[in-house]
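To keep things clear, I will list the structure first and then write my remarks on it.
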Amino acid sequence: MKKHADLLIRHADYLDENFELQKGSSIAVADGKIEKIDTLEQLNETYTFDRTLDGKGCVYLPGLVDAHMHTGQQLLRGRVLDEMPMIWTRIMLPFESTLTPEKMRLSAQLAALDMIQSGTAGFIDAGSYYMEEAAEVYRESGLRGALSFSTMDQKGLPASIAMDADEAIRRTDALYDAFHGKGNLKVYYSLRSLISCSQELMEAAGSRARERGTMLQAHMNEYPGEINFFMEREQMRPYEYLEKLGILGENFIGAHSLLLSEDEKQLLAQRGVNVCHCPFSNCGKAAPDTPSLMSKGIPVSLGTDGAAHGGLSLWNEMKIFRSVMNLHFGVPLSNPAVMPAKAILKMATVNGQKCLGNPNGGVIREGASADLIGIDMQKPHLAIYGHLSNTLLESVNASDVTDSIVGGRVLMEKGQILTLDQEKILAEAKNYHP
Ligand SMILES: [Zn+2]
């Protein structure tokens with residue numbers, strides 16, 4: 001008797017775990033995982049399928065992971081570029097203090113559509129307000145995501161977002177109780193930035209994340225002012241301060257992590273901390289020393305920093321990252337391979353899935369979670385591709401993504417989004433006035 005599987009992707013040329021092209025296979029998906037990769041004849045002999053996708057003309061890759069984004073800044077798209085400092089205090093914070101449940105719902109709907117269409121299968125939101133609204137949308141979308149509540153207890157914030165450490169923790173607790181483990185969603189504890197959090201809040205968020213077996217994320221070592229603040233007040237650097245509080249570990253994600261001392265890099269390696277760079281956003285700040293982080297075995301992932309910082313396409317982020325690494329490290333050393341395409345693709349897939357607590361994701365092999373995207377290669381800029389991983393990095397754009405499958409569920413087929421009503425959402429967006 002034939003076995004049952006949920007989905008068959010016929011004629012699925014794919015990128016294997018070594019980022020090499022494998023041709024002539026089809027892929028069977030069952031219970032959210034890649035069940036079997038084999039010839040079409042063999043799979044049809046072994047399984048019956050609920051549904052079939054035709055992958056002819058496509059190459060399948062692991063779905064990308066945006067390891068640092070901000071749903072709450074989605075409606076700020078186009079309002080940040082060329083602005084004078086401090087964008088955070090002049091634009092971001094005042095805007096987020098005026099969020100409403102309706103705005104968050106629309107933000108999450110637009111972000112989800114954009115991510116699915118761009119080939120992003122998973123994301124980590126750094127935290128905003130009315131995250132319950134966003135969580136409902138993301139659950140419906142089928143995306144894999146980790147959500148946080150915006151966590152800070154700094155004095156002098158606008159009244160609508162001012163709170164003490166206890167309340168900030170209680171709000172994340174409530175989000176966790178409501179959504180952690182529901183569908184493809186998780187809830188992470190978060191520290192918005194260390195400067196805006198008291199020691200009491202940092203310690204509470206650190207211990208709560210540990211007790212509940214979830215991750216803790218923070219914006220780290222992004223500005224010279226932030227480093228100087230801790231050096232003046234504590235006579236130590238930000239990561240050293242978190243180490244003193246016992247907060248650093250494998251469950252910690254340090255977004256940005258640009259301005260690091262050698263001692264801090266050692267600390268990150270020792271504690272197994274995850275780092276996430278956001279190339280477009282980071283270009284206004286500093287080039288991270290990624291080659292040195294990688295040589296120490298520190299897992300580096302990539303994020304967009306939200307739609308207001310150059311959009312939600314990880315394809316753009318990967319290209320910018322490669323260019324920055326080449327200009328900053330490769331050219332002075334005459335080393336054109338300082339950051340190879342395969343290393344960057346690994347950051348946007350395997351390492352991103354690690355940040356999502358999904359060590360079994362980010363690759364296409366039997367037993368891995370079925371987070372896959374199809375790229376339409378029948379286009380003038382992709383039809384001849386040389387080394388496929390190079391072409392994926394150099395030439396693929398978000399609009400080349402045609403299929404999206406997350407946890408075995410088809411979210412987009414041949415460019416058609418199946419889980420959200422795109423037309424209705426875009427009509428609502430048209431009526432949005434800032
Ligand atoms: Zn951010």
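The values are calculated or read from the model by the stated rules, or taken from the named source; none is laboratory data. Computed from a prediction, not measured in an experiment: that's the story for all the values here. Don't worry about glycine lacking a Cβ; one is built from the backbone with ideal geometry, like all the others, and counts go over all protein chains shown.
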Name the single residue, out of those in segment 350-386 being closer than 18 Å to GLY32 by Cβ and acidic (Asp, Glu), that is surrounded by the most Cβ atoms within 10 Å (Cβ to Cβ).
-> ASP371
Hits in segment 387-401 (condition: buried (at least 22 other Cβ atoms within 10 Å of the Cβ) and β-branched (Val, Ile, Thr)) | VAL396, VAL401
Could we say that THR71 is more than 15 Å from the ligand (Cβ to nearest atom) and either surrounded by 24 or more Cβ atoms within 10 Å (Cβ to Cβ) or among the hydroxyl-bearing types (Ser, Thr, Tyr) (or both) here?
-> no
Residue identified as away from the ligand (no atom under 16 Å from the Cβ), over 30 Å from LEU81 (Cα atoms) and of a type in the set (A, V, I, L, M) among LEU248, LEU293, LEU260 = LEU248
Of everything in segment 125-160 that's within 16 Å of the ligand (Cβ to nearest atom) and part of a helix (DSSP H, G or I), which residue is farthest from SER198 (Cα to Cα)?
-> ALA134
Of the residues that make up segment 212-219, is at least one out of contact with any Lys or Arg (no Cβ under 9 Å at 6 or more places or on another chain), more than 30 Å from ILE116 (Cβ to Cβ) and in contact (Cβ under 8 Å) with a residue 24 or more places away in the chain?
-> no
Identify the single condition in (1) surrounded by 15 or more Cβ atoms within 10 Å (Cβ to Cβ); (2) over 15 Å from GLY55 (Cα atoms) that LYS424 does not satisfy, given that it satisfies every other one.
-> (1)
Can you name the condition, by its number, that ALA135 falls short on among (1) surrounded by 16 or more Cβ atoms within 10 Å (Cβ to Cβ); (2) within 30 Å of GLY284 (Cα to Cα)?
-> (2)
Out of all the residues in segment 187-221, which are hydrophobic (A, V, I, L, M, F, W, C) and within 16 Å of the ligand (Cβ to nearest atom)?
-> LEU191, LEU194, ILE195, CYS197, MET215, LEU216, ALA218, MET220
Residue list for segment 263-285, restricted to those being within 16 Å of the ligand (Cβ to nearest atom) and surrounded by fewer than 17 Cβ atoms within 10 Å (Cβ to Cβ) | CYS283, GLY284, LYS285
Residue match in segment 228-239 (condition: in contact with a His (Cβ under 9 Å, 6 or more places away or on another chain), assigned by TED's automatic domain parsing to the domain that holds SER97 and at pLDDT 95 or above) = no
Select from segment 74-109 the residues that are more than 19 Å from SER193 (Cα to Cα) and of a type in the set (S, T, N, Q) and write down the one among them that is surrounded by the most Cβ atoms within 10 Å (Cβ to Cβ).
-> SER107
Return yes or no: is GLU317 modelled with pLDDT of 95 or more, closer than 30 Å to LEU75 by Cβ and of a type in the set (Asp, Glu)?
-> yes
Residues that are of a type outside the set (D, E, K, R) and touching a Ser or Thr at 6+ places or on another chain (Cβ under 8 Å): which helices (runs of 4 or more DSSP H) entirely in segment 321-434 hold 2 or more of them?
-> 341-346, 352-355
What number of residues within segment 203-228 are closer than 12 Å to THR151 by Cβ and in contact with a helix residue (DSSP H, G or I) (Cβ under 7 Å, 6 or more places away or on another chain)?
-> 5
When you go through (1) out of contact with any helix residue (DSSP H, G or I) (no Cβ under 6 Å at 6 or more places or on another chain); (2) outside the structural domain of GLY145 (by TED's automatic domain parsing); (3) of a type outside the set (A, V, I, L, M) one by one for ASP82, which number turns out not to apply?
-> (2)
Report, by residue number, each residue of segment 225-239 that is surrounded by 12 or more Cβ atoms within 10 Å (Cβ to Cβ) and closer than 24 Å to GLY303 by Cα.
-> GLU226, ILE227, ARG237, PRO238, TYR239
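Here is a yes/no grid of residues against (1) within 16 Å of the ligand (Cβ to nearest atom); (2) touching a Gly at 6+ places or on another chain (Cβ under 6 Å); (3) over 18 Å from GLY254 (Cβ atoms):
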{"position": "LEU314", "(1), (2), (3)": "yes, no, yes"}
{"position": "LEU327", "(1), (2), (3)": "no, no, yes"}
{"position": "GLY330", "(1), (2), (3)": "no, no, yes"}
{"position": "ALA348", "(1), (2), (3)": "no, no, no"}
{"position": "LEU356", "(1), (2), (3)": "no, yes, no"}
Members of segment 68-86 that are closer than 17 Å to ARG144 by Cβ and outside any strand (DSSP E or B) = THR71
Looking at segment 292-320, which of its residues are within 16 Å of ASP125 (Cα to Cα) and in a helix (DSSP H, G or I)?
-> LEU314
Is it true that some residue in segment 264-280 is assigned by TED's automatic domain parsing to the domain that holds ALA168, more than 23 Å from CYS355 (Cα to Cα) and in contact (Cβ under 8 Å) with a residue 12 or more places away in the chain?
-> no
For the subset of segment 197-223 comprising residues that are surrounded by fewer than 20 Cβ atoms within 10 Å (Cβ to Cβ) and of a type in the set (Gly, Ala, Ser), which member is farthest from GLN154 (Cα to Cα)?
-> GLY213
Note down all Cβ pairs under 7 Å where the first residue falls in segment 412-429 and is over 19 Å from ALA398 (Cα atoms), the second is surrounded by 13 or more Cβ atoms within 10 Å (Cβ to Cβ) and of a type in the set (S, T, N, Q), and they're at least six residues apart or on different chains.
-> ILE425/GLN109
